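Values in this text are rule-based calculations from the coordinates and carry no lab data. Predicted, not measured: the structure shown is a model, and the values here were computed from it. Every residue, glycine among them, receives a Cβ derived from its backbone with ideal geometry; neighbour counts consider all protein chains shown.
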C-alpha cells in the first residue's frame, strides 16, 4: 500500500528543507568524507575481519561510500542551484533561516527574521520596507517548494 500523496510530499519537503538549512554543515561533512576517502588505503589482508552484516569486501565498502558521496554531492548541488536561482530577497531569507536554525523556535525567531529581513531589504532598496512574519513563512514555503520541484526533476526524491 502506498503512502497518501500529502504525506509523501510533506516528507520530500522536509528532506529538501533540511538540505537547504544545513547546507554549510553538510558541505563540510562531504569535504571531510571525500578527503578521507581520497587519502585512505585498504588495510592489509591480515587486518581484515570477516563480518556477518554489511560488506566485508573493502572494495565494496569503498563503492558504498562513493555512492553516499555522490548522493550528497547531488543534494549539495541542488541546494546551491536553489540559492542561486531564487530572488535576492529570498536569498537573504535563506541565509537568515540558516543563521537562526538552532536555538529559539517558533514565533520569536520568525519575528527576528522578519525584522532583520526588513532592515536588509530597506537598505538595498534605499527606502523603508517592512516584511511581515506571514511573508517570511510564505517565502520560505516557496523556497522549499522550488527546491522540492527541482529535486523531483533530478530524481533526488522518490
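Highest-first packing order for the peptide set 110-116, 96-102 is 110-116, 96-102, based on the mean count of other beta carbon atoms within 10 Å. In this label model, residue 115 and residue 9 are separated by 3.5 nm, measuring between points 7 Å along each Cα→Cβ vector.
Looking at the stretch 71-117, the pairs of alpha carbons with a distance over 16 Å make up 46% of the total. Projecting label points 7 angstrom from Cα along Cα→Cβ for residue 127 and residue 36 puts them 5.3 nm apart.
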